[in-house]
Amino acid sequence: MHLYGMKNKKKQKRLRITEADYLLAHRRAARLEEIAMHGKPVSMRPALHASKKIYDRKKLKRAGFKSNDDPALSH
């Protein structure tokens, strides 16, 4: 006889904290602590230095610079 509101012990799931769950929680706690200390997330990897000599078409386009304005590009 099965009573309403009572679960079978076989059907009850036990809460298991896996290693992946622990690492995820630890990373999240560390990130929240870092934001609390610095006011923003801190990047661990510094941005690579971009050479000034590299021709960047997108950057020139954003600046409103056209190829016919540059005397070095026109021959």
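The values are calculated or read from the model by the stated rules, or taken from the named source; none is laboratory data. Everything quoted here is computed from the prediction, not taken from an experiment. In this analysis, Cβ positions are derived from the backbone assuming ideal geometry, glycine residues included, and neighbour counts consider all displayed protein chains.
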Between a residue in the range 34-49 that is surrounded by 10 or more Cβ atoms within 10 Å (Cβ to Cβ) and any residue that is β-branched (Val, Ile, Thr), which pairs come within a Cβ distance under 7 Å, given they are 6 or more apart or on different chains? Glu34/Val42; Pro41/Ile35
Every residue from the range 48-73 that is small (Gly, Ala, Ser) and either assigned to a helix (DSSP H, G or I) or at pLDDT 80 or above (or both): Ser51, Ala63, Gly64, Ser67
